[in-house]
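Everything below concerns the one structure shown next.
Throughout, read-outs are computed from the coordinates displayed, never taken from laboratory work. Every value quoted in this text rests on a predicted model; they were computed, and no experiment measured them. Every residue, glycine as well, gets a Cβ built from its backbone with ideal geometry; the counts of neighbours run over all protein chains shown.
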Amino acid sequence: MSFFNSIGRSITRAPRPPKRSTTPTSATFPPDSQVPPSPSSPQPVQKPLFLCSPFVEAALVKGNFKTIVMQPKYTDIMEWVAVNIFDFYTNLNMFYGVLAECCTAHSCPSMSAGVALNYTWINQDRKNVQLPAPTYVDYVMTWIQNLLDDDNTFPTKSGKDFTPTFPSTVKHVYRQLLRVFAHLYYAHYTQILHLRSEPHFNSLFAHFLAFGTEYELLDIKDIKGQPNVPVAVGALWERWKEMGILEN
Ligand SMILES: [Zn+2]
């Protein structure tokens with residue numbers, strides 16, 4: 001599939017942000033596994049704030065997200081996915097940059113995303129390891145930045161095609177970006193509210209979910225988690241579907 005179409009390139013990507021400083025220890029795709037946390041983890045009982053009114057409705061974009069995820073005419077599907085992933089990564093990276101001072105090894109000793117859910121990372125020895133959330137997020141974002149900078153994975157030059165592995169690569173990228181969203185909603189929503197950023201953050205996440213489900217980049221099980229180990233934002237996804245913000 002050609003990177004350029006008959007009318008030429010219709011989408012221009014924004015300049016890439018500066019590279020992050022640290023390097024992940026894992027050169028392979030990040031992990032899939034989810035393990036329960038230690039019994040000492042906090043067990044919040046009340047409804048999370050992000051499910052409460054007015055926060056659950058706060059958005060920059062009103063209505064359904066279907067229209068803004070549709071592939072524009074004359075645009076190559078691979079390029080459309082690539083440019084959107086670049087934008088999701090860039091925007092989420094900016095949010096995380098603002099929230100990073102609240103996300104420390106002390107405040108977030110694990111990559112939590114639900115009462116019973118801590119994501120683990122696969123290290124060089126192929127072992128699942130618990131990492132402090134800031135380390136985990138840094139590994140994810142560095143890994144994605146390196147992919148975006150790799151012209152073989154995200155080609156930017158005329159005549160260079162996307163490889164057959166591009167769809168599976170972007171699914172891995174998407175799953176990891178979802179985990180960063182999931183951690184920020186679960187562990188840092190109060191700070192998002194203090195910054196009055198919930199309309200921005202909700203819109204970014206709803207757009208991310210709508211795009212991911214439209215192009216089958218997300219598995220439902222990754223959004224919802226396991227029945228006994230749910231992802232906290234799975235309930236938000238369900239709520240937004242009920243509200244008509246997302247498609248069923
Ligand atoms: Zn955190």
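Summary table
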| quantity | calculated |
| --- | --- |
| Verdict on residue 153 being surrounded by 13 or more Cβ atoms within 10 Å (Cβ to Cβ), in contact (Cβ under 8 Å) with a residue 40 or more places away in the chain and over 23 Å from residue 200 (Cβ atoms) | no |
| Filter result (more than 11 Å from residue 137 (Cβ to Cβ) and either of a type in the set (A, V, I, L, M, F, W, C) or within 16 Å of the ligand (Cβ to nearest atom) (or both)) within the range 164-180 | 166, 170, 173, 178 |
| Elements of type helices (runs of 4 or more DSSP H) in the range 144-248, at least 3 residues being over 20 Å from residue 60 (Cβ atoms) | 166-194, 220-224, 233-242 |
| Residues satisfying the stated conditions in the range 128-142, i.e. within 15 Å of the ligand (Cβ to nearest atom) and either acidic (Asp, Glu) or in a strand (DSSP E or B) (or both) | 138 |
| Test: residue in the range 76-83 that is under 22 Å from residue 246 (Cβ atoms), under 17 Å from the mean Cα position of the chain (by Cα) and buried (at least 19 other Cβ atoms within 10 Å of the Cβ) | yes |
| Those residues of the range 143-183 which are β-branched (Val, Ile, Thr) and farther than 13 Å from residue 96 by Cα, in sequence order | 144, 153, 156, 163, 165, 169, 170, 173 |
| Number of positions in the range 211-248 that are more than 14 Å from residue 175 (Cα to Cα) and either crowded, with 18+ Cβ neighbours inside 10 Å or in contact (Cβ under 8 Å) with a residue 60 or more places away in the chain (or both) | 16 |
| Of all residues making up the range 107-127, the number that are within 16 Å of the ligand (Cβ to nearest atom), more than 10 Å from residue 232 (Cβ to Cβ) and not in a strand (DSSP E or B) | 5 |
| Condition broken by residue 187, with the remaining ones in (1) within 18 Å of residue 91 (Cα to Cα); (2) in contact with a Cys (Cβ under 8 Å, 6 or more places away or on another chain) satisfied | (1) |
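Residue by residue, here is whether (1) farther than 24 Å from residue 170 by Cα; (2) crowded, with 22+ Cβ neighbours inside 10 Å; (3) among the β-branched types (Val, Ile, Thr) holds:
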position	(1), (2), (3)
92	no, yes, no
113	no, yes, no
116	yes, no, no
123	no, no, no
128	no, no, no
143	no, no, no
147	no, no, no
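Per-residue answers, yes or no, for (1) at positive phi; (2) within 16 Å of the ligand (Cβ to nearest atom); (3) free of Cβ contacts under 8 Å to residues at least 40 places away in the same chain:
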site	(1), (2), (3)
53	no, no, yes
57	no, no, no
62	no, no, yes
65	no, no, no
69	no, no, no
83	no, no, no
88	no, no, no
99	no, yes, no
